[in-house]
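What follows is a short report on a single structure.
The values are calculated or read from the model by the stated rules, or taken from the named source; none is laboratory data. All values derive from a computational prediction rather than experimental measurement. Neighbour counts run over all protein chains shown; Cβ positions are idealised from the backbone, glycine included. Just the protein is used for accessible areas: all its heavy atoms, side chains included, with ligands, DNA and RNA removed. Shrake-Rupley method; radii C 1.70, N 1.55, O 1.52, S 1.80 Å.
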Amino acid sequence: MTVPPRSQIGPIPVADAAAMPVADVIRRLDSADTGLGSEEAARRLATVGHNALRTHRANPWTVLFRQVRSPLLLLLTATAIASFFVGERTDAVIIGTILLVSVGLGFLNEYRAEQAAQALHDQISHRCVVRRDNHAVTIDVVDLVPGDVVELRMGEVVPADIRLTGAIDLECVESVLTGESMPTAKSIGQLPAGTPLAELTGCALMGTVVSQGSGSGIVVATGPSAAFGRIAVELGTRHPDTQFQVGLRDFSLLLVKVAGVLTAGIFVINVVLRRPIIDALLFSLAIAVGISPQLLPAVVSTSLAAGSRQLARRKVLVKRLVCIEDLGDIAVLFTDKTGTLTDGRIAFSHALDATGRESNDLVLLGLLCNEATVEAGKAVGGNPLDIALFDAPAAVPFAAELDRYSRAGILPFDHERRRVSVLVDTPERGRRLIVKGAPESLLPLCPRVPDAAKAAIDRAFADGNRVVAIASRDAAGESTVTADTEREMSLDGLLVFLDPPKPGAKAALQRLAALGITVKVVTGDNPTVAEHVCRELALESAGAVTGADIDAADDDQLRQLLDNTTVFARVSPEHKARIVRTERRSGRGVAFLGDGVNDALALHEADVGISVDTATDVAKDAADVILLEKDLDVLADGVVGGRRIFANTIKYVFMGTSSNFGNMFSAAGASAFLSFLPMLPSQILLNNLLYDTSQLAIPTDRVDEEQLARPSHWDAAAIRRFMLMFGPVSSVFDFVTFAVMLWVFHAHAHLFRTGWFVESLATQTLVIFAIRTRRIPFLRSRASQPLTASALGVVLIGLVVPFTPMAGPLGFRTLPVGFFLALALMVGAYLLLVEAVKRRYYRTAPPPPPPHVRRPPRSRATRVHRRAAKFSTSDT
């Protein structure tokens, strides 16, 4: 086969690669069994591009389009242009300028949020083991190129289309491409040309998941050139909306609908009163724009972006910014034990023979029956227990002896058998079968187990240690390993590993309890070990529930077990998922923290799936949140951050209900009895611009401790109740202002508008100090300095504008000195009344009913693993 010039080397369609002998694929890609050199890999990366389907990049044009797509905004712009050509040029220019500034303000804040999302996305990665310069190294999957030789292990997402060159009991779940839920067995054989995608057994396909075994192969296509890449790019990806997003959207639609009805009414009133149609239309549209929560996306985005940066500094990465609020809603946390409650740095302690005596000879069997990837005598990847054994000082004397043994076959570890088996040719005893695994799964394979061994196992478990049993038998004449060959074994002994409780775990558990979060342990480990760890950490447990107990329980019985149980041990992936699914039916926010392939189902089922940066690919893909450090204290930081961001976002929603609705009714009432427009369109838009600018500082505000001490979630009923109680209060003081301007100061149109502009801006801006807290403002709860400065600064601007050169073009007039005394009295009375209504609101508020589903159920499409490389869409 002719090798193409290097400049023409590119991806090979996976179906074509499957129809070629492995040797031909290697020659066509100008590669080798030992992989590529670093320099050649870098050259190919520059030519074919990164192995990424879609990367998150902040696009200014997309953000700008979102700012200007509002129909009301476009209609107001068109009307302003029309007024310019009919002679109202000054007003049209002023309106246009204010609209440009408003759009620019929203654009800058949303674009910053997009950049924050991009920075967050760049910190989340998948890694894989490849051969470069004839050495096994770990690289980011985005740096894979055609011709790379890749190793595949259980729990990994296949990072590219790969022509297999080796497969040991390898199976892949390919539902993401074929819809078939059962795993597909893989081999290295050549297939006929035209073999369908679902039958390409000689290849591992990008985006599929290694469910069993291990393998290796040569990369034939990456990124959009891969089969999964082509489909993903064509279809795109959209995540389901969270409960918070649904609530915000419904709230915005409510405001828009009510605004539409009242704005139409205001327009009709002005037309009936025979005011100029163009003025009436501009006034009505300006009211609609001012009432509509057009800055809500910018405030939410700014809040989430600021929160993501704060959480990232605390080692918490949120894959989608909108999931930050979900963190604050956590009420129950299911977590694994290793690395979370325990130190996570598993160390080999000692070996015991079948009689319970220490025997280092057993270490050799453990090294032979091992799945770690070893490079130059050093374990560079694999199961933590296997790595710990290779790195143990006790393994050093046996390292040189391993060359005397050859492996003839292997049946890799899986979570159903919970053991690994190898066929080994030994120099002294011929071919032998060695099996290593959990004692509960291995001892039944041994007809005779000494009582001393059983007692040693019980002692090790009682001390909180990890125990692995090893058995062997003669295997002369056997050439393959299957589950059926794991029989009639002879117990050789035990390997004991230490994994002590983490020093800070006890304090972290107490902190989570103070946040109203119930922690439950879900582990595949022995029940005795799990309970021992819980006792040392003062986590109360009344006895462990095992996978067998879960199998025997129906849904109602499992519900009762969940209410009374802290430790669930020796559970399978399906058990974990069922536990989470059952707990969610209680209506409380459920989080699951896990990092293994056996945790993926439960991570999908949870309201908030949490994994760690060192987790398996399948776990990181299934998670919503990634912890850069597997520590419950880090998670507690994330929960507090989520609650703080949620609380600050709700402040803006409450501001909108208390002031926007009040102003809307005030405008409608004023239009009905005044002989002139109560405020010019340009004045309304300026008022709205200044008010919204002050609200952009809300994400920096402090949050009272009691708001952080309990789960928080969207409560539409509470928001409606708040709107109905506080909206009329705002209108009352607007009408008081009308009365003062007309009957005290005998104001003409320009003076009236100026007075209402100043009063409206002052009351709706300063009310944030009362609404932002349940406590007494200023005395028991102080706003952040940025929020205080922005609110007071905007009010000051409103007071000064009528005295500037801009007053004339804007239609303002100088206010009499007496007005400012009246304004101070009205603002003071308004804030006192708001404080009184606030106390009644919280005193009489019914407890919010827990939502039955925190987020929409994940569809089948969202349960598959959507990316084998960095792949994101903007859902901010």
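What order do MET489, MET182 take when sorted by accessible area (1.4 Å probe), most exposed first?
From most exposed to least exposed: MET182, MET489.
Take the Cβ-Cβ distance between SER187 and LYS378 as r, set R0 to 51 Å, and report the resulting FRET efficiency rounded to the nearest 0.05. Please list the in-between numbers first.
Working: r = 30 Å, r/R0 = 0.60.
Rounded to the nearest 0.05, the efficiency is 0.95.
Along the Cα-to-C-beta direction of GLU428, a point sits 7 Å from the Cα; which residues of segment 378-416 have their amide N less than 18 Å from that point?
It comes to 395-407, nothing else.
Find how much the distance from SER359 to ARG487 grows on full extension, using 0.36 nm per residue of separation minus their present alpha carbon separation; answer in nm with one decimal. Don't jump to the answer; show the numbers that get you there.
Numbers: separation 128, 0.36 × 128 = 46.08 nm, distance 2.42 nm.
Between SER359 and ARG487, full extension yields 43.7 nm more.
Give the accessible area for HIS604 in Å² (nearest 10); use a 1.4 Å probe, count only protein heavy atoms, and leave out ligands, DNA and RNA.
Counting only protein heavy atoms, the figure is 20 Å².
Could you tell me whether segment 490-593 comes out rounded, prolate or oblate from its Cα gyration tensor? Rule is a ≥ b ≥ c as square roots of the eigenvalues, rounded for a/c under 1.5, then prolate if a/b exceeds b/c, otherwise oblate. The partial results should precede the final answer.
On the way: a/c = 2.22, a/b = 1.15, b/c = 1.94.
Oblate, since a/c reaches 1.5 and b/c is not below a/b.
Just the number please: accessible area per residue for segment 126-205, 1.4 Å probe, all protein chains included, in Å². Kindly include the intermediate steps, with their values, before the conclusion.
Working: 2870 Å² over 80 residues.
Averaged over the residues of segment 126-205, the accessible area is 36 Å².
For ASP250 and ARG839, what does the FRET efficiency come to when R0 = 30 Å and r is the distance between their Cβ atoms, rounded to the nearest 0.05? If you can, show how the numbers build up before the last one.
Values: r = 28 Å, r/R0 = 0.92.
For R0 = 30 Å, the calculated efficiency reads 0.60.
Leaving out ligands, DNA and RNA, and with a 1.4 Å probe, what % of the accessible surface on segment 319-456 is carbon or sulfur?
Numbers: 2820 of 5490 Å².
So the carbon and sulfur contribution to the accessible surface is 51 percent.
Which sequence of GLU171, GLU40, GLU416, GLU759 reflects their accessible areas, 1.4 Å probe, from the largest down?
Working: GLU171 50, GLU40 25, GLU416 170, GLU759 0 Å².
Per-residue accessible area, sorted high to low, gives GLU416, GLU171, GLU40, GLU759.
Write down the accessible area per residue of segment 658-809 in Å², having rolled a 1.4 Å probe over the full set of protein chains.
37
At what distance in nm do the modelled label points of GLN557 and PHE673 sit from each other, each positioned 7 Å from its Cα along Cα→Cβ?
If labels sit at GLN557 and PHE673, their model points lie 7.2 nm apart.
Give me the percent of accessible area attributable to carbon and sulfur for segment 746-815, probe 1.4 angstrom. Can you show the working numbers first?
Numbers: 1910 of 2900 Å².
Solvent-exposed carbon and sulfur of segment 746-815 make up 66 percent of the total.
At a threshold of 8 angstrom on Cα-Cα distance, excluding pairs fewer than six apart, so keeping six or more, what relative contact order does segment 306-432 reach in percent?
Computed value for segment 306-432: 14 percent relative contact order.
Ranked from the most accessible area to the least, with a 1.4 Å probe and all protein chains present, what is the order of PHE497, PHE735?
PHE735, PHE497
Efficiency by 1/(1 + (r/R0)^6): what FRET value for SER781 and THR138, r their Cβ-Cβ distance, R0 = 56 Å, to the nearest 0.05?
The pair SER781/THR138 has a calculated efficiency of 0.70.
Taking all protein chains as present, what is the carbon and sulfur share of the accessible area of segment 592-728, in % to the nearest whole number, probe 1.4 Å?
Carbon with sulfur: 60 percent of the solvent-accessible area.
Relative to a virtual label point 7 Å from the Cα of SER38 in the Cα→beta-carbon direction, which members of segment 357-374 show backbone nitrogen distances below 14 Å?
Backbone N within reach: none found.
Please compute the length gained on full extension between TRP61 and ARG710, using 0.36 nm multiplied by the number of residues separating them and subtracting their Cα-Cα distance.
Once the chain is fully extended between TRP61 and ARG710, it gains 229.7 nm.
Give, in nm to one decimal, the length gained when the segment between LEU100 and VAL800 is fully stretched (0.36 nm per residue of separation minus the Cα-Cα distance).
Gain on stretching LEU100 to VAL800: 249.8 nm.
At 1.4 Å probe radius, can you tell me the per residue accessible area of segment 444-569 in Å²?
Solvent-accessible surface per residue comes out at 45 Å².
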